[in-house]
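Written out below as C-alpha coordinates is the structure these notes cover.
The values are calculated or read from the model by the stated rules, or taken from the named source; none is laboratory data. All of these numbers come straight from a predicted model, not from anything done at the bench. With ideal geometry, Cβ positions are generated from the backbone for all residues, glycine too; neighbour counts draw on all protein chains shown. Only protein heavy atoms, including side chains, enter the accessible area calculation; ligands, DNA and RNA are left aside. Shrake-Rupley method; radii C 1.70, N 1.55, O 1.52, S 1.80 Å.
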Protein chains: 2
Amino acid sequence: MQNLQEKASEWSGVETNHAFAIDDTNLFQKLGLQTFINLSTNFYNRVYVDDEEWFRSIFAKSDKDKAIQNQYEFLVQRMGGPPLYSQRRGHPALIARHRPFPVTHEAAERWLLHMQQALDNISDIDHDSKIMLMNFFRHTAYFLVAGVEQKNQSLHPCKDADGRHPCKNF
Amino acid sequence: MQNLQEKASEWSGVETNHAFAIDDTNLFQKLGLQTFINLSTNFYNRVYVDDEEWFRSIFAKSDKDKAIQNQYEFLVQRMGGPPLYSQRRGHPALIARHRPFPVTHEAAERWLLHMQQALDNISDIDHDSKIMLMNFFRHTAYFLVAGVEQKNQSLHPCKDADGRHPCKNF
(Lines give C-alpha, C1' and ligand atoms only; values in the text may rest on other atoms or scores of the structure.)
Protein backbone atom coordinates (compact mmCIF):
# COMPACT_ATOMS: atom_id res chain seq x y z
CA MET A 1 0.00 0.00 0.00
CA GLN A 2 3.02 2.25 0.34
CA ASN A 3 3.00 3.65 -3.15
CA LEU A 4 -0.69 4.50 -3.56
CA GLN A 5 0.09 8.15 -3.03
CA GLU A 6 2.83 8.10 -5.66
CA LYS A 7 0.64 6.27 -8.16
CA ALA A 8 -2.17 8.75 -7.52
CA SER A 9 0.16 11.66 -8.25
CA GLU A 10 1.63 10.04 -11.34
CA TRP A 11 -1.68 9.04 -12.89
CA SER A 12 -3.60 12.18 -11.94
CA GLY A 13 -0.81 14.62 -12.72
CA VAL A 14 -1.53 16.33 -9.38
CA GLU A 15 1.31 16.55 -6.90
CA THR A 16 0.54 15.58 -3.33
CA ASN A 17 1.01 19.08 -1.95
CA HIS A 18 -1.49 20.41 -4.48
CA ALA A 19 -3.97 17.61 -3.75
CA PHE A 20 -3.88 18.44 -0.05
CA ALA A 21 -3.89 22.22 -0.39
CA ILE A 22 -7.50 21.77 0.80
CA ASP A 23 -6.02 21.38 4.28
CA ASP A 24 -4.40 24.83 4.24
CA THR A 25 -7.80 26.45 4.53
CA ASN A 26 -11.24 25.45 5.79
CA LEU A 27 -13.41 25.10 2.74
CA PHE A 28 -16.42 24.10 4.80
CA GLN A 29 -16.35 27.39 6.69
CA LYS A 30 -15.69 29.27 3.47
CA LEU A 31 -18.39 27.61 1.35
CA GLY A 32 -20.98 26.32 3.84
CA LEU A 33 -23.08 23.17 4.04
CA GLN A 34 -25.60 24.12 1.36
CA THR A 35 -22.88 24.56 -1.26
CA PHE A 36 -21.70 20.99 -0.74
CA ILE A 37 -25.28 19.70 -0.89
CA ASN A 38 -25.76 21.62 -4.14
CA LEU A 39 -22.50 20.33 -5.57
CA SER A 40 -23.25 16.67 -4.84
CA THR A 41 -26.83 17.04 -6.08
CA ASN A 42 -25.67 18.66 -9.30
CA PHE A 43 -22.98 15.98 -9.73
CA TYR A 44 -25.30 13.01 -9.30
CA ASN A 45 -28.03 14.64 -11.40
CA ARG A 46 -25.50 14.46 -14.22
CA VAL A 47 -24.19 10.98 -13.40
CA TYR A 48 -27.61 9.32 -13.28
CA VAL A 49 -28.50 10.52 -16.77
CA ASP A 50 -25.07 10.08 -18.31
CA ASP A 51 -25.19 9.36 -22.04
CA GLU A 52 -22.55 6.71 -21.49
CA GLU A 53 -24.43 3.63 -20.42
CA TRP A 54 -21.28 1.87 -19.14
CA PHE A 55 -20.70 4.69 -16.66
CA ARG A 56 -24.35 5.27 -15.73
CA SER A 57 -24.79 1.58 -15.00
CA ILE A 58 -22.10 1.66 -12.30
CA PHE A 59 -24.56 3.66 -10.19
CA ALA A 60 -27.76 2.04 -11.40
CA LYS A 61 -28.29 -0.11 -8.32
CA SER A 62 -27.47 2.64 -5.83
CA ASP A 63 -30.11 4.97 -4.49
CA LYS A 64 -29.48 8.46 -5.84
CA ASP A 65 -30.49 10.36 -2.70
CA LYS A 66 -28.25 8.17 -0.59
CA ALA A 67 -25.37 8.65 -3.02
CA ILE A 68 -25.81 12.42 -2.75
CA GLN A 69 -25.92 12.29 1.04
CA ASN A 70 -22.91 9.99 1.29
CA GLN A 71 -20.89 12.30 -0.90
CA TYR A 72 -21.74 15.65 0.65
CA GLU A 73 -21.38 14.30 4.18
CA PHE A 74 -17.94 12.97 3.31
CA LEU A 75 -16.95 16.24 1.66
CA VAL A 76 -18.21 18.35 4.58
CA GLN A 77 -16.18 16.20 6.96
CA ARG A 78 -13.05 16.16 4.79
CA MET A 79 -13.17 19.91 4.13
CA GLY A 80 -13.09 20.89 7.79
CA GLY A 81 -16.75 20.61 8.80
CA PRO A 82 -18.49 18.37 11.32
CA PRO A 83 -17.86 14.61 10.91
CA LEU A 84 -21.33 13.90 9.52
CA TYR A 85 -20.19 10.91 7.53
CA SER A 86 -18.36 9.09 10.31
CA GLN A 87 -21.13 9.68 12.79
CA ARG A 88 -23.59 7.98 10.46
CA ARG A 89 -21.52 5.38 8.63
CA GLY A 90 -18.17 5.08 10.36
CA HIS A 91 -14.74 5.61 8.89
CA PRO A 92 -14.84 6.64 5.24
CA ALA A 93 -12.75 3.59 4.32
CA LEU A 94 -12.61 5.01 0.82
CA ILE A 95 -10.91 2.13 -0.94
CA ALA A 96 -12.95 -0.62 0.74
CA ARG A 97 -16.24 1.14 0.05
CA HIS A 98 -15.31 1.50 -3.63
CA ARG A 99 -14.30 -2.12 -4.03
CA PRO A 100 -17.69 -3.21 -5.40
CA PHE A 101 -17.32 -0.80 -8.30
CA PRO A 102 -15.19 -0.90 -11.43
CA VAL A 103 -12.92 2.04 -10.58
CA THR A 104 -10.92 2.12 -13.80
CA HIS A 105 -8.87 4.97 -15.29
CA GLU A 106 -11.69 5.50 -17.76
CA ALA A 107 -14.31 5.64 -14.98
CA ALA A 108 -12.15 8.05 -12.99
CA GLU A 109 -11.92 10.42 -15.96
CA ARG A 110 -15.67 10.32 -16.57
CA TRP A 111 -16.36 10.90 -12.83
CA LEU A 112 -13.99 13.89 -12.94
CA LEU A 113 -15.63 15.29 -16.08
CA HIS A 114 -19.03 15.33 -14.35
CA MET A 115 -17.52 16.83 -11.21
CA GLN A 116 -15.79 19.59 -13.20
CA GLN A 117 -19.10 20.42 -14.86
CA ALA A 118 -20.91 20.36 -11.53
CA LEU A 119 -18.31 22.71 -10.00
CA ASP A 120 -18.64 25.04 -12.99
CA ASN A 121 -22.40 25.15 -12.45
CA ILE A 122 -22.32 26.09 -8.79
CA SER A 123 -22.06 29.86 -8.82
CA ASP A 124 -21.12 30.29 -5.17
CA ILE A 125 -17.77 28.50 -5.37
CA ASP A 126 -14.92 30.90 -6.06
CA HIS A 127 -12.21 30.12 -8.60
CA ASP A 128 -9.48 29.27 -6.07
CA SER A 129 -11.73 26.87 -4.18
CA LYS A 130 -12.68 25.15 -7.43
CA ILE A 131 -9.01 24.61 -8.27
CA MET A 132 -8.33 23.21 -4.80
CA LEU A 133 -11.36 20.92 -4.89
CA MET A 134 -10.59 19.69 -8.39
CA ASN A 135 -6.98 18.90 -7.47
CA PHE A 136 -8.24 16.96 -4.47
CA PHE A 137 -10.85 15.11 -6.57
CA ARG A 138 -8.39 14.32 -9.34
CA HIS A 139 -5.75 12.97 -6.97
CA THR A 140 -8.32 11.01 -4.94
CA ALA A 141 -9.92 9.49 -8.03
CA TYR A 142 -6.59 8.00 -9.06
CA PHE A 143 -5.77 7.06 -5.48
CA LEU A 144 -8.90 4.92 -5.66
CA VAL A 145 -8.00 3.50 -9.06
CA ALA A 146 -4.66 2.46 -7.58
CA GLY A 147 -6.22 1.16 -4.38
CA VAL A 148 -8.97 -0.85 -5.99
CA GLU A 149 -6.57 -2.18 -8.63
CA GLN A 150 -4.31 -3.42 -5.87
CA LYS A 151 -7.12 -5.38 -4.25
CA ASN A 152 -6.44 -8.52 -6.23
CA GLN A 153 -2.72 -8.23 -6.02
CA SER A 154 -0.58 -9.71 -3.33
CA LEU A 155 -0.83 -7.55 -0.26
CA HIS A 156 -0.36 -10.36 2.18
CA PRO A 157 3.01 -10.82 3.87
CA CYS A 158 2.47 -14.57 3.64
CA LYS A 159 2.98 -14.45 -0.07
CA ASP A 160 6.69 -14.32 0.45
CA ALA A 161 6.69 -15.76 3.91
CA ASP A 162 8.92 -18.36 5.41
CA GLY A 163 6.16 -20.33 7.04
CA ARG A 164 6.39 -18.68 10.42
CA HIS A 165 3.60 -16.23 9.73
CA PRO A 166 0.10 -17.08 11.01
CA CYS A 167 -1.36 -17.14 7.54
CA LYS A 168 -3.90 -19.74 8.51
CA ASN A 169 -5.91 -16.98 10.18
CA PHE A 170 -6.10 -14.99 7.02
CA MET B 1 -20.86 -2.04 3.60
CA GLN B 2 -23.95 -0.47 5.13
CA ASN B 3 -23.90 -2.37 8.37
CA LEU B 4 -20.23 -2.04 9.31
CA GLN B 5 -21.10 0.62 11.83
CA GLU B 6 -23.81 -1.55 13.38
CA LYS B 7 -21.54 -4.58 13.53
CA ALA B 8 -18.81 -2.48 15.12
CA SER B 9 -21.21 -1.32 17.82
CA GLU B 10 -22.60 -4.78 18.45
CA TRP B 11 -19.23 -6.52 18.66
CA SER B 12 -17.42 -3.77 20.56
CA GLY B 13 -20.26 -2.95 22.92
CA VAL B 14 -19.63 0.74 22.20
CA GLU B 15 -22.49 2.76 20.78
CA THR B 16 -21.76 4.98 17.82
CA ASN B 17 -22.33 8.22 19.70
CA HIS B 18 -19.83 7.13 22.34
CA ALA B 19 -17.31 6.03 19.73
CA PHE B 20 -17.46 9.44 18.08
CA ALA B 21 -17.54 11.52 21.25
CA ILE B 22 -13.94 12.27 20.20
CA ASP B 23 -15.47 14.72 17.72
CA ASP B 24 -17.17 16.77 20.42
CA THR B 25 -13.83 18.10 21.56
CA ASN B 26 -10.39 18.58 20.03
CA LEU B 27 -8.16 16.02 21.68
CA PHE B 28 -5.16 17.11 19.66
CA GLN B 29 -5.34 20.63 21.06
CA LYS B 30 -5.99 19.24 24.51
CA LEU B 31 -3.22 16.64 24.57
CA GLY B 32 -0.63 17.84 22.07
CA LEU B 33 1.54 16.11 19.49
CA GLN B 34 4.09 14.67 21.94
CA THR B 35 1.39 12.81 23.87
CA PHE B 36 0.29 10.98 20.74
CA ILE B 37 3.90 10.15 19.87
CA ASN B 38 4.38 8.81 23.40
CA LEU B 39 1.18 6.80 23.23
CA SER B 40 2.01 5.12 19.93
CA THR B 41 5.59 4.47 21.03
CA ASN B 42 4.43 2.92 24.29
CA PHE B 43 1.83 0.85 22.42
CA TYR B 44 4.23 -0.59 19.86
CA ASN B 45 6.94 -1.14 22.47
CA ARG B 46 4.45 -3.54 24.04
CA VAL B 47 3.23 -5.11 20.79
CA TYR B 48 6.68 -5.93 19.47
CA VAL B 49 7.61 -7.92 22.58
CA ASP B 50 4.19 -9.48 23.16
CA ASP B 51 4.39 -12.86 24.89
CA GLU B 52 1.80 -14.13 22.46
CA GLU B 53 3.75 -15.15 19.39
CA TRP B 54 0.64 -15.32 17.19
CA PHE B 55 -0.04 -11.64 17.86
CA ARG B 56 3.57 -10.45 17.76
CA SER B 57 4.09 -12.17 14.43
CA ILE B 58 1.37 -10.08 12.79
CA PHE B 59 3.73 -7.11 13.06
CA ALA B 60 7.00 -8.99 12.60
CA LYS B 61 7.54 -7.87 9.02
CA SER B 62 6.62 -4.24 9.62
CA ASP B 63 9.19 -1.67 10.64
CA LYS B 64 8.46 -0.59 14.19
CA ASP B 65 9.40 3.07 13.75
CA LYS B 66 7.19 3.29 10.68
CA ALA B 67 4.32 1.62 12.54
CA ILE B 68 4.66 4.19 15.33
CA GLN B 69 4.73 7.09 12.88
CA ASN B 70 1.77 5.78 10.88
CA GLN B 71 -0.29 5.44 14.03
CA TYR B 72 0.45 8.75 15.71
CA GLU B 73 0.09 10.67 12.45
CA PHE B 74 -3.29 9.06 11.88
CA LEU B 75 -4.36 9.78 15.47
CA VAL B 76 -3.20 13.41 15.32
CA GLN B 77 -5.21 13.88 12.14
CA ARG B 78 -8.30 12.08 13.40
CA MET B 79 -8.27 13.88 16.75
CA GLY B 80 -8.43 17.35 15.26
CA GLY B 81 -4.77 18.07 14.47
CA PRO B 82 -3.01 18.70 11.16
CA PRO B 83 -3.53 16.01 8.46
CA LEU B 84 -0.03 14.60 8.81
CA TYR B 85 -1.05 11.14 7.70
CA SER B 86 -2.88 12.14 4.51
CA GLN B 87 -0.15 14.53 3.47
CA ARG B 88 2.39 11.71 3.63
CA ARG B 89 0.41 8.60 2.70
CA GLY B 90 -2.96 9.70 1.34
CA HIS B 91 -6.39 8.79 2.62
CA PRO B 92 -6.26 6.57 5.71
CA ALA B 93 -8.25 3.89 3.85
CA LEU B 94 -8.38 2.02 7.13
CA ILE B 95 -9.97 -1.19 5.94
CA ALA B 96 -7.90 -1.51 2.78
CA ARG B 97 -4.66 -0.87 4.63
CA HIS B 98 -5.52 -3.57 7.18
CA ARG B 99 -6.45 -6.14 4.58
CA PRO B 100 -3.02 -7.81 4.62
CA PHE B 101 -3.40 -8.60 8.32
CA PRO B 102 -5.50 -11.18 10.16
CA VAL B 103 -7.84 -8.74 11.89
CA THR B 104 -9.79 -11.28 13.92
CA HIS B 105 -11.90 -10.72 17.05
CA GLU B 106 -9.05 -12.25 19.05
CA ALA B 107 -6.48 -9.93 17.47
CA ALA B 108 -8.73 -6.92 18.10
CA GLU B 109 -8.98 -7.77 21.80
CA ARG B 110 -5.23 -8.22 22.12
CA TRP B 111 -4.61 -4.92 20.28
CA LEU B 112 -7.05 -3.21 22.66
CA LEU B 113 -5.41 -4.75 25.72
CA HIS B 114 -2.04 -3.29 24.72
CA MET B 115 -3.64 0.06 23.93
CA GLN B 116 -5.40 0.17 27.29
CA GLN B 117 -2.09 -0.53 29.03
CA ALA B 118 -0.33 2.10 26.92
CA LEU B 119 -3.02 4.68 27.80
CA ASP B 120 -2.71 3.80 31.47
CA ASN B 121 1.04 4.38 31.29
CA ILE B 122 0.88 7.84 29.73
CA SER B 123 0.51 10.14 32.71
CA ASP B 124 -0.48 13.26 30.77
CA ILE B 125 -3.77 11.91 29.44
CA ASP B 126 -6.67 12.78 31.72
CA HIS B 127 -9.32 10.23 32.65
CA ASP B 128 -12.07 11.60 30.37
CA SER B 129 -9.79 11.65 27.34
CA LYS B 130 -8.75 8.06 28.04
CA ILE B 131 -12.38 6.97 28.07
CA MET B 132 -13.07 8.80 24.82
CA LEU B 133 -9.99 7.39 23.13
CA MET B 134 -10.67 3.87 24.32
CA ASN B 135 -14.28 4.00 23.09
CA PHE B 136 -13.00 5.17 19.72
CA PHE B 137 -10.32 2.46 19.61
CA ARG B 138 -12.73 -0.26 20.68
CA HIS B 139 -15.35 0.67 18.11
CA THR B 140 -12.76 1.13 15.37
CA ALA B 141 -11.07 -2.21 16.12
CA TYR B 142 -14.35 -4.03 15.53
CA PHE B 143 -15.20 -1.82 12.56
CA LEU B 144 -12.00 -3.21 11.05
CA VAL B 145 -12.82 -6.78 12.05
CA ALA B 146 -16.15 -6.36 10.25
CA GLY B 147 -14.59 -4.61 7.26
CA VAL B 148 -11.77 -7.05 6.72
CA GLU B 149 -14.09 -10.02 7.28
CA GLN B 150 -16.35 -8.66 4.57
CA LYS B 151 -13.52 -8.53 2.06
CA ASN B 152 -14.08 -12.03 0.80
CA GLN B 153 -17.82 -11.80 0.83
CA SER B 154 -19.95 -10.67 -2.02
CA LEU B 155 -19.85 -6.90 -2.21
CA HIS B 156 -20.20 -6.72 -5.93
CA PRO B 157 -23.53 -5.79 -7.46
CA CYS B 158 -22.81 -8.26 -10.25
CA LYS B 159 -23.33 -11.14 -7.92
CA ASP B 160 -27.05 -10.73 -8.26
CA ALA B 161 -26.96 -8.95 -11.56
CA ASP B 162 -29.05 -9.42 -14.60
CA GLY B 163 -26.21 -9.30 -17.05
CA ARG B 164 -26.50 -5.62 -17.88
CA HIS B 165 -23.87 -4.57 -15.37
CA PRO B 166 -20.34 -3.94 -16.68
CA CYS B 167 -18.86 -6.68 -14.56
CA LYS B 168 -16.23 -7.43 -17.12
CA ASN B 169 -14.31 -4.40 -15.90
CA PHE B 170 -14.25 -5.60 -12.36
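To one decimal in nm, how far is A:GLN116 from the same spot in the other copies, if labels go 7 Å from Cα toward Cβ? Please give the shortest first.
Label point to label point, same position, other copies: 5.4 nm.
Within chain B, which DSSP H helices have Cα atoms that stretch 15 Å or more along the helix axis and a mean Kyte-Doolittle hydropathy of at least -1.0?
Qualifying helices, which must be both long enough and hydrophobic enough, are B:33-47, B:105-120, B:127-149.
Computed on protein heavy atoms with a 1.4 Å probe, what is the summed buried accessible area for the chain pair B and A, in Å² to the nearest 100?
That pair of chains buries around 4000 Å² in total.
Note down the net charge around A:LEU4, summing +1 for each Lys or Arg and -1 for each Asp or Glu among other residues with Cβ under 12 Å from its Cβ.
Around A:LEU4, the surrounding residues sum to +2.
For the rotation that brings chain A onto chain B, whose beta-carbon in chain A is nearest the axis, and what is that distance in whole angstrom?
It is A:ALA96, 3, counting Cβ atoms only.
Per residue of chain A, what 222 nm ellipticity follows from adding -39500 (n - 2.57) for every DSSP H run with n ≥ 4, rounded to the nearest 500?
Helix contribution divided over all residues of chain A: -17500 deg cm²/dmol.
Under 10 Å from the Cβ of A:ALA93, count the other residues' Cβ atoms, weight Lys and Arg +1, Asp and Glu -1, and hand me the total.
So the surrounding residues net to +4.
For label points placed 7 Å from Cα toward Cβ, what is the shortest-first list of nm distances from B:LYS130 to its copies?
Output for B:LYS130: 5.3 nm, nearest copy listed first.
Within a Cβ distance under 12 Å of A:HIS114, other residues only, what is the Lys/Arg minus Asp/Glu net charge?
Result for the neighbourhood of A:HIS114: -2.
In bins 10 Å wide, starting from 0, what share of all Cα pairs of chain A does each bin hold, as a percent?
9, 34, 36, 13, 6, 1
For B:TRP54, which inter-copy label distances result when the label point lies 7 Å beyond Cα on the Cα-to-Cβ vector, reported in nm to one decimal and in ascending order?
Ordered by increasing distance: 4.7 nm.
If the chain between B:GLN116 and B:LYS66 were fully stretched, how many nm would it gain, using 0.36 nm times the residue separation less the Cα-Cα distance?
Full-extension gain reported as 15.9 nm.
Please report the equivalent ellipsoid semi-axes of the protein assembly as shown, computed as sqrt(5 x eigenvalue) of the Cα gyration tensor, largest first, in whole Å.
Largest first, the protein assembly as shown gives 33, 25, 18 Å.
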